[in-house]
Amino acid sequence: MFRKLIVASTLALGAAGAAHAADTCSANLEGNDAMRYNMANIDVPKSCATFTINLKHTGKMAKNVMGHNVVVAKTADMSGIDADGIKAGLAADYIKAGDARVIAHSKVVGGGESTTLSVPVAKLTAAGAPLSFFCSFPGHSALMKGTLTLK
Ligand code: CO
């Protein structure tokens, strides 16, 4: 009981503290019109069954011009997924149909839109490090990428 009270107090410390609190099973990722995400790394607690990435496009440009998605994969698979995704096109969210290298991916969104991606943490554990997240819109992964760290 006493331990639970301590945890509750820690969570009440505010945004800065809460961002690093244990068992935070989601992240709020943003993409903008300058082809950038707002995060270079996302920590994923192994204690989470599912990890949710909320992607918000904070820009104004349309998805066929400056579209953003979020793809989770082994870092070694990024370039292959990206190359095949370009051929797949926007209607397929720039992901090749049935691409087994993709651990999880969201749809492509344009300015002002949001989407949510749920990632089974067991799939991340099974894939093994290093893991990455990136945008598979043509040309974006050079800048729009980051690491996913299992903690
Ligand atoms: Co993008």
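Which links in K63/K96; K96/K145; K74/K151; K87/K151 stretch past 23 Å when you go from one Cα to the other? From the list (K63/K96; K96/K145; K74/K151; K87/K151), the Cα-Cα distance tops 23 Å for K87/K151. Placing +1 on the Cβ of every Lys and Arg and -1 on the Cβ of every Asp and Glu, with nothing else charged, gives the range 33-118 a dipole about its Cα centre of roughly 60 debye. Amide H contacts of F51: V119, V121, each under 5 Å away and 5 or more positions distant or on a separate chain (H built 1.01 Å from N in the peptide plane; Pro and chain starts excluded). What the range 24-150 shows is 45 Å² of accessible area per residue, with the surface traced by a 1.4 Å probe over protein heavy atoms. The phi torsions of the range 51-67, fed into the Karplus equation with coefficients 6.51, -1.76 and 1.60 and a -60° offset, translate into couplings of 10, 9, 10, 8, 9, 10, 8, 8, x, 10, 6, 5, 6, 7, 10, 9, x Hz, rounded to whole numbers, with Gly and Pro shown as x. For G31, the residues whose amide H sits under 5 Å from its own are K56, H57, T58, ignoring neighbours fewer than 5 places away on the same chain, with H placed 1.01 Å from N.
What part of the accessible area of the range 24-150, given as a whole %, is carbon or sulfur when the probe is 1.4 angstrom?
Numbers: 3120 of 5740 Å².
It is 54 percent, rounded to a whole number.
The values are calculated or read from the model by the stated rules, or taken from the named source; none is laboratory data. Every value quoted in this text rests on a predicted model; they were computed, and no experiment measured them. Cβ: placed from backbone, ideal geometry, glycine included. Neighbour counts: every protein chain shown. In case anyone asks, the SASA skips ligands and DNA or RNA and just uses the protein heavy atoms, side chains included. Shrake-Rupley method; radii C 1.70, N 1.55, O 1.52, S 1.80 Å.
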